Amino acid sequence: MAAEETDALSSPRGDFFHQGVITKLFPSNNTGVVRTESGRELTFSYELVVLVGEAKSPLDLKVGEPVGYDLGWTSNGLRITKLKTYPKTGAEIDPPGSEGQRNQSEDLPPQNLPDKDSQ
């Protein structure tokens, strides 16, 4: 096999994980949900999932975050057993309109508008 050929089993990110997006996190229940590329939703338990990649604890996971995952059978059926988080890109770190950015109107001086009762 030539070096430029890619493995048919590898993901677009270059690893062998299935790709999905975290859609729900339930910290009170220590569980979460990942939507697969096909649209199916699979659950995981904070206690049973192995984290690899950027996230070091389940508290580092965020809704909407793209992840790689691996599946396994548990006593509760098919579950995610391994989650891989990826380094954040510039757009994911500070998206436009995020809470951390100030609105331009905050820099404007206050306007003296007449009271509706003073007319």
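Nothing in this text is a laboratory measurement; each read-out follows from the coordinates by a stated rule. In this text, all values refer to a predicted model and were calculated from it rather than measured experimentally. Because the Cβ atoms are built from the backbone with ideal geometry, glycine has one as well, and the counts that use them run over all protein chains shown.
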- Anisotropy class of the range 18-88 from Cα gyration tensor, a/c 1.5 cut: rounded
- Item | Under 5 Å, built H, 5+ apart or other chain: amide partners of Thr31 | Phe26, Tyr46
- How large is the dipole of the range 18-88 about the Cα centre if only Lys and Arg carry +1 and Asp and Glu carry -1, each at its Cβ, rounded to the nearest 20 debye? 60
- Message: If packing is taken as the average number of other Cβ atoms within 10 Å across a peptide's residues, how do 55-64, 16-25 rank, most packed first?
- Response: 16-25, 55-64
- Report ³J(HN,Hα) in whole Hz for each residue of the range 21-33, in order, from the Karplus equation J = 6.51 cos²θ - 1.76 cosθ + 1.60 where θ = phi - 60°; Gly and Pro get x. 9, 5, 10, 8, 10, 10, x, 5, 9, 6, 9, x, 10
- Under 10 Å from the Cβ of Glu41, count the other residues' Cβ atoms, weight Lys and Arg +1, Asp and Glu -1, and hand me the total. +3
- What's the extension gain from Phe26 to Glu47 if we count 0.36 nm per residue and subtract their Cα-Cα distance? 6.3 nm
